[in-house]
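Trainee: Below you'll find the structure I mean.
A short reminder: the numbers here are calculations on the coordinates, not readings from a lab. Treat the numbers as computed from the prediction; the structure is a model and nothing was measured. Positions of Cβ are backbone-derived with ideal geometry, glycine not excepted, and every protein chain shown enters the neighbour counts.
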Amino acid sequence: MSWKFIVLGAGLIVSACTVSPYESCIQQVRFAYNGQIASAQKEIKAAHANLSRGYSIKKHSFTETYVDRCVKNGVLYACTKERKKTTEVPIPINRDAEAQRLRRNSDLLKQLIETRARAAAQCNGLPTSS
């Protein structure tokens, strides 16, 4: 008797973990489009920020070595340590080119969202349970 319950319980767990054809289709659509949509949104945000500021910001990261005080076996001594630093440098922009970048990515975003919606709509006829 106990084996039947174990097998039945395992079967329920496996069936609970399977994804329906509809859910699988939606996951594939999300995987195909969400990264591109996020990238276009990031570009739009950056272009807006650059146009608002009037310049872009170039970030430069580097490792800086500095002298600090360390303690070993109760003895204080000078030692070198490293830390990551980032500097930001303003870079002039071409406002026309930046505005074009904004328009291009806004158009792309709209197109990607519409295409994702059409692709997701094709999932609608699929079974929602496996």
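Trainee: Please state the relative contact order of the chain as a whole percent: Cα pairs under 8 Å, 6+ residues apart?
Mentor: Here the relative contact order equals 38 percent.
Trainee: Compute the helix-to-body angle for 95-121: its Cα long axis versus the longest principal axis of the chain, expressed 0 to 90° and rounded to tens.
Mentor: Its long axis makes an angle of about 20 degrees.
Trainee: Hey, another quick one. Tell me the angle of helix 21-53 to the major Cα principal axis of the chain, expressed in degrees between 0 and 90 and rounded to the nearest ten.
Mentor: 20 degrees
Trainee: If we count every other residue with Cβ under 12 angstrom of Ser61's Cβ, Lys/Arg +1 and Asp/Glu -1, where does the sum land?
Mentor: Counting the neighbours of Ser61, the net charge comes to +3.
Trainee: Then there's this: What's the angle, to the nearest 10 degrees (0 to 90), between helix 2-17's Cα axis and the longest principal axis of the chain?
Mentor: That helix lies at roughly 60 degrees to the long axis.
Trainee: Across the chain, how many lysine pairs, 8 or more apart or on two chains, come within less than 21 Å at their alpha-carbon atoms?
Mentor: The number of close lysine pairs in the chain is 11.
Trainee: Additional query: Could you list which residues have their amide H under 5 Å from that of Ser56, counting only those 5 or more apart in sequence or on another chain, with H placed in the peptide plane?
Mentor: Here the answer is Ile91, Ile93, since their amide H atoms fall under 5 Å of that of Ser56.
Trainee: Can you give me the orientation-averaged projected area of the convex hull built on the Cα atoms of region 31-91, in nm²?
Mentor: 7.8 nm²
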